[in-house]
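This report refers to the structure that appears directly beneath it.
The values are calculated or read from the model by the stated rules, or taken from the named source; none is laboratory data. Since this is a predicted model, take the numbers as computed values, not measurements. Heads up, the Cβs are rebuilt from the backbone with ideal geometry, glycines too, and the neighbour counts pull from every protein chain shown.
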Amino acid sequence: MRLSQLPPPRPGELLVVVGPTASGKSALAVELALLHDAEIVGADSVQVYRRFDRGSGKPGVEELSRVRHHLIDVADAKAPLDAAAFVALADAAIADARGRGKAVVVCGGSFLWVRALLFGLADGLPRDQAVRERHEEEARLDGREALHARLREVDPAAAARLHPNDLLRVSRALEVFELTGRTLSDAQAAHGFTTARHAHRLVALGRARAELERRISERTRGFLASGLVEEVRALVSDGYGDTRAMGSVGYRQVKQHVDGALPAEALADEIDRATRVFVRRQRTWLRDEQVTLVEP
């Protein structure tokens, strides 16, 4: 359907813009916000961090000037947010916007965070700071791959969906198992994510596969032309090389280049390849959801 044909949000309903990387979520969110007098709440696990600008697809100056955005540049990547912390911040932003009479558009590239906001997290799972600190020390001494390999032994389903560089989530899955003897995957399956905590409607742009691949390639080269390599060099120099945000698609490949492990002539193609892999995972998630498609 055309954007103008999309029914306005009902009172208390979130319009949630989802879709694969490079599909145009940010621009669609702005148009929806302008159409329905709304503010945008970001749900992206890299855009939330300051200084991770060139490779995260953050809304630009024009978009920020047209619509008020929340949860962009609100945290330091050295103190990463987990899904629970994000949900608390997002709930507060939603309440703030609604308190001023505004509707809310959620724009999310991080589907775990979107799902946590809409359906909550598995309840009753303990936490232990000492366990997390031990995991961080193990990762420092033996490497993150070793920690991920341990998770693969006890919770292969969680290991399959988590990248070894995602120390925060790998540690959390191990923490749950060590404290309860139960896998995080089993706990999440029991939760079911079927009871909504926010009324919502998922909206995405309908993009043909060939068009999306073209946009991925253009996006990668735009990021590199804008100074992404220089940004990563500065971040690594300032101690952000081992942060979770640096392990995200695009940043991870540029760091490999900065570290001398990936030649410049292969960089763009490697980012494209990793992005396409990530997009396939995103499409798998979307396949099980009821999404309203609008024309680009």
When you go through (1) within 28 Å of residue 121 (Cβ to Cβ); (2) at pLDDT below 95 one by one for residue 50, which number turns out not to apply?
(2)
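Table: residues versus (1) surrounded by fewer than 20 Cβ atoms within 10 Å (Cβ to Cβ); (2) outside any helix (DSSP H, G or I); (3) in the same structural domain as residue 104 (by TED's automatic domain parsing); (4) β-branched (Val, Ile, Thr).
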| position | (1), (2), (3), (4) |
| --- | --- |
| 202 | no, yes, yes, no |
| 216 | no, no, no, yes |
| 222 | yes, no, no, no |
| 241 | yes, yes, no, no |
| 246 | no, no, no, no |
| 256 | yes, no, no, no |
| 262 | yes, yes, no, no |
| 265 | yes, no, no, no |
| 278 | yes, no, no, no |
Pick out the one residue from 221, 201 that is touching a Leu at 6+ places or on another chain (Cβ under 9 Å) and more than 25 Å from residue 74 (Cα to Cα).
201
Looking at residue 31, is it outside any loop (DSSP other than H, G, I, E, B) and either touching a residue at least 24 places away in the same chain (Cβ under 8 Å) or buried (at least 19 other Cβ atoms within 10 Å of the Cβ) (or both)?
yes
Given the structure, is residue 231 more than 17 Å from the chain's Cα centre (by Cα), outside the structural domain of residue 92 (by TED's automatic domain parsing), in a helix (DSSP H, G or I) and in contact (Cβ under 8 Å) with a residue 12 or more places away in the chain?
yes
For region 47-58, check the following and say yes or no: at least one residue is in contact (Cβ under 8 Å) with a residue 24 or more places away in the chain and either among the aliphatic types (A, V, I, L, M) or touching a Cys at 6+ places or on another chain (Cβ under 6 Å) (or both).
yes
Could you check region 111-169 for helices (runs of 4 or more DSSP H) lying wholly inside it with 3 or more residues that are in the same structural domain as residue 289 (by TED's automatic domain parsing), hydrophobic (A, V, I, L, M, F, W, C) and touching a residue at least 60 places away in the same chain (Cβ under 8 Å)?
111-119
The one condition in (1) at pLDDT 90 or above; (2) under 22 Å from the mean Cα position of the chain (by Cα); (3) exposed (fewer than 12 other Cβ atoms within 10 Å of the Cβ) that residue 194 fails to fulfil
(1)
Test: residue in region 108-119 that is hydrophobic (A, V, I, L, M, F, W, C), farther than 30 Å from residue 39 by Cα and modelled with pLDDT of 90 or more:
no
